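The values are calculated or read from the model by the stated rules, or taken from the named source; none is laboratory data. Bear in mind that the values here come from a model prediction, so they are computed numbers and not experimental data. When we count neighbours, we look across all protein chains shown, and the Cβ atoms used for this are built from the backbone with ideal geometry, even at glycine. Protein only, heavy atoms only, side chains kept; ligands, DNA and RNA dropped before computing areas. Shrake-Rupley method; radii C 1.70, N 1.55, O 1.52, S 1.80 Å.
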Amino acid sequence: PAHEIQDLLTVGEELFLTQLLEIGFFHGDPHPGNLLKITDGPDEGKLCLLDFGLVAEVPQKDRDIIVAAVVHLGTQNWEGLIDDFMVLGFLSPETDRGQLVPILERVVGPYLKGGGAGAYKDANFQALTQDLLKINLEVPFSIPPYVSLLARSVATLEGIALQGDPEYQLVSQAYPFVVRKLLKNENRQSFAALRELLYDPKTRRLRPQRLSTMLQASLGIIAKTEKAGFIDFDTVPDESAPLEDVVRFLLSGSAMNLRPLLNAELTYGLDLAFRRTSQRIRANAAEALQPRLPFVGIRLPAPPAPPLLVPVPTAAAPPRAPLRLVPIDDALDAALPVLSSSEEVDLQTLTEAAGVGGVLNALSEGPSPQSFVELLRAPLLQSDDEGAAAPEMARAISQILVSDDEPGAREVLADGILRSVAEELLRTWRARLTVAFGDI
């Protein structure tokens, strides 16, 4: 019955993807007669595969490339997808890329979000496979033995799933598994695919909405939309996972590959915020200290300020001095330079994504202990209720840090995030001082 198939969709996806991408050994004939639903006993509700007479093995190298190919397909990185096809043995290294790219755009593009997929209301894996085979008429393709069996298995499973859910999309439903695989793998291909998934290729900045979608997918939650694309990395689900679950994931070992990217963005955002705040504080201080005529209030020319020297540590070995005295204004200008127009845009984007725009503006106009506290309490993710977001984030972090079930969370937060960000900020400022004042 359709409702039973729907109930088993999630476990069926996990079962097949684990075989394909984790174990590398999959059942080649998963028709309904080889699928058994356990109805009683300790394994009630599970799915059992029968008759392993037709199987195939997927090498580890190919498994990693398949994951990268899903990302390249979803981001419409045709050059990257061609590289994947060459490694998998689909294409010869001598293939004419200039000829193949427009063919892929024409044949595969309509299946992707933003690629005109609205015309493909019945888009599914079987239809995509048939269209890919048409490319062979224009560019020679080679099909490794296990791939033909894999395509057959996927088409069979998708056909069963569509009986339970006519709107089922196999590739998009597999996205949570692919995300967890990307975050868990430590090879170069996975890290490169992760960066491509999260960063805009033109601005080279993190895409906050795609990060939010990926975090939700890592917890098994994806957007349920009409078939506007065979693969959709951008639509945020209407019902999101609890914030505490998101924070717990970010502090877990499963997010180890993601944290360096987030730390880099946090470091960049804090540097921009400190620089803008520094400039505004100095401007406000200069205005407040400018002399005025008593009772009249007319501003007088500011007298030249005596040079206030500050020690800057140097990296020079004796007999050179370990400290160098430089004017404080010069040191601040070097370490915290004025934001460029593009950096102003980046700061605005980051603060809107983090929900801390109002707090940073308050810091810039007039810093106070309360504004710094609010900045630390501000959310890492977007929230519909801005007034409740900061306390909710603070509560989520507090609950995880005091929980006996999360013994490593405190260490990850202190060493893996806070210390890493602080050290990177200091390296950034030191590098600027080095450029300005030489060997320091």
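Points to keep in mind about this one:
- Net length available on complete extension from V107 to K61 is 13.9 nm, with 0.36 nm assigned per residue and the Cα-Cα distance removed.
- Note on N136 and R410: their simple-model spin labels are 6.1 nm apart, each label 7 Å out from Cα toward Cβ.
- Probe 1.4 Å, all protein chains present, accessible-area order of K61, K181, K37, largest first: K61, K37, K181
- Estimated FRET transfer efficiency (K37, T349; beta-carbon r; R0 35 Å; 0.05): 0.15
- Long-range HN-HN contacts of L112 with modeled amide H, under 5 Å: A117, F230
- Other-chain or far-sequence residues with amide H under 5 Å of A56's (modelled H): F26, G28
- The range 67-114: C-alpha pair distances exceeding 18 Å, %: 23 percent
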